[in-house]
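Asker: Here's a structure for you.
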Amino acid sequence: TIEIITATKYIIFHRNEIDIDEASISIKSRYSPNSVIIKQFHVPSKNFHVLEMDTEMASGNTVILTVGRYSGVIMNDLRGLYRSSYKTHGGELRNLAVSQFQAMDARRVFPCFDEPDFKARFKISITHQSGYTALTNMPVTTTTLLNTEWLRRDYQTTPVMSTYLLAIVVSDFKSRNYTFDNGYELKVWARPEAYSQTEHALEFSRKCYEFFTDYFGTADVVPKADHIAVPDFSAGAMENWGLVVYREATLLYDRHVSSFMNKYTVTFVVAHEIAHTWFGNMVTMEWWDDLWLNEGFANLLVYIAMDQIYKQWNVFAIIVVDDVHPVMVEDALTTSHPVSSKINNPEEI
């Protein structure tokens, strides 16, 4: 559903590396029920799909845009919706599907208004083979068996959110769980053979959610949080609302063999991603040139949370070495760049 702010004959949405059946696109308008699409064209350099109407849509009009049929390919390039894999101790290859939409790869999976300021509610359904678990931002509402091998899961509608925070993971992973008194469900997922390494992440994330809820005086509006460690991931972690995705090295900790530095890294990254629930997810920058607000506040909040939960670590002394000194060194270089830079095309994001 689109609200027309300024009168126009055009609707522009994003698409990239997906095929759209243009005949399946339709427009319904409350005030112009007979609006007809007279022209469509794709602008690859901008990832735009442009619809031109026969008549101008008036300001204040409400339009329902439907893209009935489109298709894409699950790639191996760690962008959009991609295929990952791991081998069991017995040498068996196991596949999983993982998404990474930040900054502009939701448009590689479905047609959308793929900019952070264009927030919307999303209703997701996933069809997958039995024997796997499909996770997305919200809890499951219904599960429908399609046949002996396939099933479909439908999920609750998300709160109003940006496209880059949507997430999907389909895997055979195992979870360690905790349920808060208010019903909020927290789970940490990993390969079955790495399940024993999820204990610290669950214990710390439980304390971290409790701390931030009290600190901000408001709880997460998504009713659950899944934190999952995947074998192949381009970022250290990604704060998708309700489904946070990590590299294995930034979520898993084995107290028998891992160093204290490994534990510190996992703790820092988990706190950073949870902080984004309040700075980034609930409240989001209008455009990518203000991404520093998301990241800056999250980094500051990491130290505040860690100082409360692990006082003996003296993290505010560590911040001088890990953050203040490196920033001062980089800022003195001729190659340093502004905190906020103009972004005018996809390549600059």
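The values are calculated or read from the model by the stated rules, or taken from the named source; none is laboratory data. Only a predicted model underlies this, so the values are computations on that prediction, with no experimental measurement involved. Glycine also receives a Cβ, built like all others from the backbone with ideal geometry; neighbour counts cover every protein chain displayed.
Asker: Could you count how many residues in segment 179-198 are of a type outside the set (Phe, Trp, Tyr) and part of a loop (DSSP other than H, G, I, E, B)?
Answerer: Residues in segment 179-198 being of a type outside the set (Phe, Trp, Tyr) and part of a loop (DSSP other than H, G, I, E, B): 4 in total.
Conditions (1) farther than 21 Å from Ala134 by Cα; (2) in contact with a strand residue (DSSP E or B) (Cβ under 6 Å, 6 or more places away or on another chain); (3) assigned by TED's automatic domain parsing to the domain that holds Met104; (4) outside any helix (DSSP H, G or I), marked per residue:
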residue	(1), (2), (3), (4)
Val244	no, yes, yes, yes
Tyr264	yes, no, yes, no
Phe268	yes, no, yes, no
His272	yes, no, yes, no
Asn281	yes, no, yes, yes
Leu293	yes, no, yes, no
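Asker: Taking strands (runs of 3 or more DSSP E) that do not extend beyond segment 1-90, which have at least 2 residues that are surrounded by 15 or more Cβ atoms within 10 Å (Cβ to Cβ)?
Answerer: 8-14, 25-29, 48-57, 62-67, 80-87
Asker: List the residue pairs whose Cβ atoms are under 7 Å apart, where the first residue sits in segment 285-309 and is at pLDDT below 95, the second is of a type in the set (S, T, N, Q), and the two are 6 or more positions apart or on different chains.
Answerer: Filtered contacts from segment 285-309: Met285/Asn294; Asp289/Ser340; Asp289/Ser341; Asp290/Ser340; Trp292/Ser340.
Asker: Is one or more of the residues making up segment 162-174 touching a strand residue (DSSP E or B) at 6+ places or on another chain (Cβ under 8 Å) and without any contact (Cβ under 8 Å) to a residue 60 or more places away in the chain?
Answerer: So far as segment 162-174 goes, yes, one or more of its residues are touching a strand residue (DSSP E or B) at 6+ places or on another chain (Cβ under 8 Å) and without any contact (Cβ under 8 Å) to a residue 60 or more places away in the chain.
Asker: Kindly indicate whether any position in segment 101-119 is over 23 Å from the mean Cα position of the chain (by Cα) and either surrounded by fewer than 18 Cβ atoms within 10 Å (Cβ to Cβ) or acidic (Asp, Glu) (or both).
Answerer: Checked segment 101-119: no residue is over 23 Å from the mean Cα position of the chain (by Cα) and either surrounded by fewer than 18 Cβ atoms within 10 Å (Cβ to Cβ) or acidic (Asp, Glu) (or both).
Asker: Sticking with this one: For segment 132-178, please list each of the strands (runs of 3 or more DSSP E) lying entirely inside it that holds at least 2 residues being loosely packed, with under 12 Cβ neighbours inside 10 Å. Steps first, answer last, please.
Answerer: On the way: elements: 133-136, 140-145, 150-155, 168-171.
Counting at least 2 such residues, we get 140-145.
Asker: So which residues in segment 300-344 are in a helix (DSSP H, G or I), closer than 21 Å to Ser205 by Cα and more than 30 Å from the chain's Cα centre (by Cα)?
Answerer: Within segment 300-344, Lys311, Gln312, Trp313 meet the criteria.
Asker: Further question on the same structure: State all residues of segment 273-283 that are surrounded by fewer than 20 Cβ atoms within 10 Å (Cβ to Cβ) and touching a residue at least 12 places away in the same chain (Cβ under 8 Å); if no residue qualifies, say none.
Answerer: Trp278, Met282
Asker: When you look at Arg107, is it at pLDDT 95 or above and either hydroxyl-bearing (Ser, Thr, Tyr) or under 28 Å from Asn294 (Cα atoms) (or both), yes or no?
Answerer: So Arg107 passes the test.
Asker: Tell me, which residue of segment 104-140 that is among the aliphatic types (A, V, I, L, M) and out of contact with any helix residue (DSSP H, G or I) (no Cβ under 6 Å at 6 or more places or on another chain) is nearest to Ile349 (Cα to Cα)?
Answerer: Val109
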